[in-house]
Amino acid sequence: MKALLDQIVETTCELDQFYDDSPVRAVLRPPASAQDLQFLAGQRVRRRLPFPPSYRELLSVCDGAIGLFDERRLELLTARHVAEERHTVDKVDFPTLSRFVIASGRTSEFISFDPDTAGPDGEMQVIHVNTHGDQTRGANLVRFFEEYLEYLQNALRLNKADRDQLKDD
């Protein structure tokens, strides 16, 4: 998980150089404390929601992140913020997805686990809902981050090819 997140941070920073003279590097917070993990685990039990192993692994690497996602609109929430449901997701529009939000920000965009897809191992699909309500799903948190990295790497390749084309003209 750590290597995957580091690749996302590096690729995002490199991609941002095409759009900003002073790109800001994403910040991964230190790992979650034992107390915050216990608080979140207890809250998951009370709400009858699994605690996906992939999410526990993420929190053992970093307790949230700032600037990890496109255009800096989303913040990967800390374990305590997830437990306390400090997010802006409308529970009327997204009754299921609002139950386990892991990233939100200044817009209606968010990332959440989908409790309706929980498997026997506690893993769930991860859903990114953009500002238009369109959804992108990952089979689990690791796959979600892998697909996000692939998206960033593709955007980086396209930008490099475009820049190289400009040099030839």
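The set of residues from the range 123-134 being touching a Leu at 6+ places or on another chain (Cβ under 9 Å) and not β-branched (Val, Ile, Thr) comprises Glu123, Met124, His128.
Answer with yes or no whether Thr107 is surrounded by fewer than 15 Cβ atoms within 10 Å (Cβ to Cβ), under 22 Å from Ala32 (Cβ atoms), at pLDDT below 95 and among the hydroxyl-bearing types (Ser, Thr, Tyr). Against the criterion (surrounded by fewer than 15 Cβ atoms within 10 Å (Cβ to Cβ), under 22 Å from Ala32 (Cβ atoms), at pLDDT below 95 and among the hydroxyl-bearing types (Ser, Thr, Tyr)), Thr107 does not qualify. Out of all the residues in the range 71-80, is one or more touching a strand residue (DSSP E or B) at 6+ places or on another chain (Cβ under 9 Å), modelled with pLDDT of 95 or more and either part of a loop (DSSP other than H, G, I, E, B) or surrounded by fewer than 17 Cβ atoms within 10 Å (Cβ to Cβ) (or both)? For the range 71-80, residues touching a strand residue (DSSP E or B) at 6+ places or on another chain (Cβ under 9 Å), modelled with pLDDT of 95 or more and either part of a loop (DSSP other than H, G, I, E, B) or surrounded by fewer than 17 Cβ atoms within 10 Å (Cβ to Cβ) (or both): present. Search the range 39-57 for residues being in contact with a helix residue (DSSP H, G or I) (Cβ under 6 Å, 6 or more places away or on another chain) and not hydroxyl-bearing (Ser, Thr, Tyr), and hand back the single one that is surrounded by the most Cβ atoms within 10 Å (Cβ to Cβ). Among those residues, the one meeting the criterion is Leu40.
One residue stands out in the range 32-88 among those that are without any contact (Cβ under 8 Å) to a residue 12 or more places away in the chain and among the polar types (S, T, N, Q): the one that is farthest from Leu141 (Cα to Cα), namely Gln35. Scanning for something in contact with a Leu (Cβ under 8 Å, 6 or more places away or on another chain), within 23 Å of Gly122 (Cα to Cα) and buried (at least 20 other Cβ atoms within 10 Å of the Cβ), does the range 1-15 turn up at least one residue? Looking through the range 1-15, none of the residues is in contact with a Leu (Cβ under 8 Å, 6 or more places away or on another chain), within 23 Å of Gly122 (Cα to Cα) and buried (at least 20 other Cβ atoms within 10 Å of the Cβ).
For (1) surrounded by 16 or more Cβ atoms within 10 Å (Cβ to Cβ); (2) at pLDDT below 95; (3) hydrophobic (A, V, I, L, M, F, W, C); (4) more than 12 Å from the chain's Cα centre (by Cα), each residue gets a yes or a no:
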site: Gly67; (1), (2), (3), (4): yes, yes, no, no
site: Arg86; (1), (2), (3), (4): no, yes, no, yes
site: Phe100; (1), (2), (3), (4): yes, no, yes, yes
site: Leu141; (1), (2), (3), (4): yes, no, yes, no
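The values are calculated or read from the model by the stated rules, or taken from the named source; none is laboratory data. On a predicted model such as this, the values are computed, not experimentally measured, just so you know. Don't worry about glycine lacking a Cβ; one is built from the backbone with ideal geometry, like all the others, and counts go over all protein chains shown.
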